[in-house]
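The values are calculated or read from the model by the stated rules, or taken from the named source; none is laboratory data. Here the structure is a predicted model, which is why all the values come from computation and not from measurement. Here the Cβ positions follow ideal geometry from the backbone for every residue, glycine too, while neighbour counts run over all protein chains shown.
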Amino acid sequence: MEPLARETGVLDRIFFTGLFEEDIPTAREKCPSVPYYLNTSISRFANVRKLAKKVRSLGALGVNISKHYLSMRLTRVFHHEGLEVSVWTVDKKPEALRVLMMQPDNVTTRKPDMVWSLLQKEEA
């Protein structure tokens, strides 16, 4: 994958939205230039700072987490630590409003038009 991405000029625009910890060694070996988020749930890491430390130790950009585990505390701690927060999968307006208030760095959705329209209203 990495040679094709390099050849087509998109290497600097791709990342893995989420890898489980056990998949990171393979990704590093086969695609060493492709950054990644760590897939996890906060329930595995009751302490958000401990989770941020784990993410950093694994060389990830940040965390890829379900909308159910997203919190303002998680976003604040991760941003303070220079890490990113990716949230999945946000498809309903009420959950999108809640998620967007917490300012994640990116959102996975099957309804991009709905999320885009909420973002436009937020900027107005």
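Any residue at all in region 71-79 that is at pLDDT below 95, more than 15 Å from the chain's Cα centre (by Cα) and within 23 Å of Val115 (Cα to Cα)?
Yes: one or more hits.
Can you list residue pairs whose Cβ atoms sit under 6 Å apart, with the first residue in region 63-88 being touching a residue at least 60 places away in the same chain (Cβ under 8 Å) and the second being in a loop (DSSP other than H, G, I, E, B)? Count only pairs 6 or more apart in sequence or on different chains.
Trp88/Thr108
Against the definition (in contact with a His (Cβ under 9 Å, 6 or more places away or on another chain), buried (at least 20 other Cβ atoms within 10 Å of the Cβ) and modelled with pLDDT of 95 or more), how does Val85 come out, yes or no?
Here the answer is yes, as Val85 does meet what is asked.
Check Val90, Val55, Val99, Val48 and return the single one that is β-branched (Val, Ile, Thr), under 26 Å from Pro25 (Cβ atoms) and at pLDDT 95 or above.
Result of the check over Val90, Val55, Val99, Val48: Val55.
Cβ-Cβ below 9 Å, separation at least six or inter-chain, first residue in region 1-23 and surrounded by 10 or more Cβ atoms within 10 Å (Cβ to Cβ), second among the polar types (S, T, N, Q) and part of a helix (DSSP H, G or I): which pairs?
Hits for this filter: Leu19/Thr26.
With the condition kept exactly as written, say whether any residue in region 43-55 is touching a residue at least 40 places away in the same chain (Cβ under 8 Å), under 26 Å from Leu74 (Cα atoms), touching a Phe, Trp or Tyr at 6+ places or on another chain (Cβ under 9 Å) and crowded, with 16+ Cβ neighbours inside 10 Å.
no
In region 65-82, which residues are surrounded by fewer than 17 Cβ atoms within 10 Å (Cβ to Cβ) and hydroxyl-bearing (Ser, Thr, Tyr)?
Ser66, Tyr69, Ser71
From the set of residues in region 1-30 that are small (Gly, Ala, Ser) and at pLDDT 90 or above, which is nearest to Asn64 (Cα to Cα)?
So, considering only residues that are small (Gly, Ala, Ser) and at pLDDT 90 or above, the one nearest to Asn64 (Cα to Cα) is Gly18.
Taking the condition of a type outside the set (S, T, N, Q) and crowded, with 18+ Cβ neighbours inside 10 Å, does Leu58 pass?
Considered against the rule, which asks whether it is of a type outside the set (S, T, N, Q) and crowded, with 18+ Cβ neighbours inside 10 Å, Leu58 comes out as no.
Identify the residue in region 91-113 that is farther than 24 Å from His79 by Cβ and in contact with an Asp or Glu (Cβ under 8 Å, 6 or more places away or on another chain) and, among all such residues, is surrounded by the most Cβ atoms within 10 Å (Cβ to Cβ).
The qualifying residue surrounded by the most Cβ atoms within 10 Å (Cβ to Cβ) is Lys111.
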